[in-house]
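Input: a single structure, listed below in structure tokens.
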Amino acid sequence: MQLIHDPLPRRHEIILGVVGVVGVLFLGEVLIRTHVISGAGLPLPSAVAEQAWTLLGNGDFWTQIAYTLREWMVGLLIAAVVGVVLGGLMGASRTVFTMFSLPVEILRPLPSIAIGPLLVLLIGEGMLPLALTVAIACLWPILFNSMYAARAVDPVAIQTARTLHVSPFGIMTRVRLPAALPFMFTGIRVSASIGLIVAVSAELLFGSGKGIGGYILLQSTSAANLDAVYAATLVAGVLGVMVSTAFAVVDRVAFGWKEGLAQ
């Protein structure tokens, strides 16, 4: 007997997902064409899809996509290095935790988007303040995942390493880090999607007209081609899904053995 909560086969999940997306778009198309819902700037899904297809054949738009991806990757890389190192040390050492816990708690609630304009004033325009804004947004999930992962390492394994006269550095690199790495990567995976959202938002709010956010901003100022605005937003959303899927695949392939472990 199949239980109601049994997982569906992967193929069925994909088919149901596609049916859901197509169904929602078809319903929106019908409601707008029949004027059941109407409003200025409300786009037809078919027009947005057509515009998105046109954008994908535009070399200049691909340049903007590449700019956003470079900015996102730089920010995510900075956040990963700082988050894994600092979070790992905070989880492994009570001294480091005591030193940094208060600054972390003070800085964590600050929205990165609000810090972005200050970074522009401090270091000027360009990709760097945008990437640092992404890094700030991505830092906290990575840092806390790393901290709790390092703290949750089996104490028996650590004590065993100590009885074998393994140095503190050796315990960190040969015991704590391998055990915590899957959960550190989970933090990076969560931050990847957040970082892409922040990258586009930062370009939109205080960028210099480059990237997907800059393209959306330039197109929306004239209000003459709102379909292009919606299409660029759609492309950004699809890009986010692709990034999330890619990280999920890497997580499953590299750390599939962690399934079922108590956290």
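The values are calculated or read from the model by the stated rules, or taken from the named source; none is laboratory data. The structure presented is a predicted model; accordingly, all values stated were derived computationally and were not measured. With ideal geometry, Cβ positions are generated from the backbone for all residues, glycine too; neighbour counts draw on all protein chains shown. Just the protein is used for accessible areas: all its heavy atoms, side chains included, with ligands, DNA and RNA removed. Shrake-Rupley method; radii C 1.70, N 1.55, O 1.52, S 1.80 Å.
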Report task. With r as the distance between the Cβ atoms of H165 and S193 and R0 = 41 Å, compute the FRET efficiency 1/(1 + (r/R0)^6) and round to 0.05. Result -> 0.40
Requested in this report: For the chain, with a Gaussian network of springs between Cα atoms less than 10 Å apart, report the residue from L218, L31, L132 with the top mean-square fluctuation.
Outcome: L31
Report summary line: Mean-square fluctuation maximum in Gaussian network of the chain, Cα pairs under 10 Å, restricted to L226, L239, L121, hits L121
Requested in this report: Just report the Cα centroid separation between the stretch 94-137 and the stretch 8-56, whole Å.
Outcome: 38
Query raised in the report: Any idea of R108's accessible area? Nearest 10 Å², probe 1.4 Å.
Result: 100
**Report entry** Label-point separation in nm, S244 to L8, each point 7 Å along Cα→Cβ
**Finding:** 1.6
**Report entry** Efficiency of FRET between V81 and V19 - r from beta-carbon atoms, R0 41 angstrom, step 0.05
**Finding:** 0.50
Query - Global geometry of the stretch 6-60, whether rounded, prolate or oblate, following the gyration tensor of its Cα atoms and the 1.5 cut on a/c - result: oblate
Report task. Using a 10 angstrom cutoff on alpha carbons, build the Gaussian network for the chain and name the most mobile of L16, L77, L204. Result -> L16
Report summary line: Among (1) 41, 26, 14; (2) 33, 19, 17; (3) 37, 32, 18, the entry matching semi-axes √(5λ) of the Cα gyration tensor in Å as calculated here is (1)
**Report entry** Whole-Hz couplings from phi, Karplus 6.51/-1.76/1.60, listed for the stretch 90-104; x for Gly and Pro
**Finding:** 5, x, 8, 10, 5, 5, 5, 4, 5, 5, 10, 5, 5, x, 5
Requested in this report: Just check the stretch 1-153 against the gyration tensor rule for me: Cα atoms, a ≥ b ≥ c as the square roots of the eigenvalues, rounded for a/c under 1.5, and otherwise prolate or oblate depending on whether a/b exceeds b/c.
Outcome: oblate
Report task. Note down the relative contact order for the chain as a percent, whole number, built from C-alpha pairs under 8 angstrom at least six residues apart. Result -> 24
Query raised in the report: Can you tell which of G41, L239, M184 lies farthest toward the positive end of the dipole of the chain, using +1 and -1 charges on the Cβ of basic and acidic side chains (Lys, Arg; Asp, Glu)?
Result: M184
Query raised in the report: Separation between the A254 and L205 pseudo-spin-labels, each 7 Å from Cα along Cα→Cβ, expressed in nm?
Result: 3.0
Requested in this report: Obtain the nm distance between the two label points defined at I37 and R151 by a simple spin-label model: each point lies 7 Å from its Cα along the Cα-to-C-beta direction.
Outcome: 4.4
Requested in this report: Mind checking which of T68, T160, T95 is farthest towards the positive end of the chain's charge dipole, using Cβ charges of +1 (Lys, Arg) and -1 (Asp, Glu) about the Cα centre?
Outcome: T160
**Report entry** Accessible surface, 1.4 Å probe, highest first, among residues V84, V249
**Finding:** V249, V84
**Report entry** Percent RCO, i.e. relative contact order, over the stretch 52-188, from Cα pairs under 8 Å lying at least 6 residues apart
**Finding:** 33
Query raised in the report: Where the only charges are on Cβ atoms (+1 Lys, Arg; -1 Asp, Glu), what is the dipole of the chain about its Cα centre, to the nearest 20 debye?
Result: 900
Query raised in the report: With each run of n ≥ 4 DSSP H residues scored as -39500 (n - 2.57), what mean residue ellipticity at 222 nm is computed for the chain after dividing by its residue count and rounding to the nearest 500 deg cm²/dmol?
Result: -26500 deg cm²/dmol
Report summary line: With 0.36 nm assigned to each residue of separation and the Cα-Cα distance removed, L121 to E50 gains 21.6 nm
Query raised in the report: Cα centroid distance between the stretch 220-253 and the stretch 151-186, in Å?
Result: 39
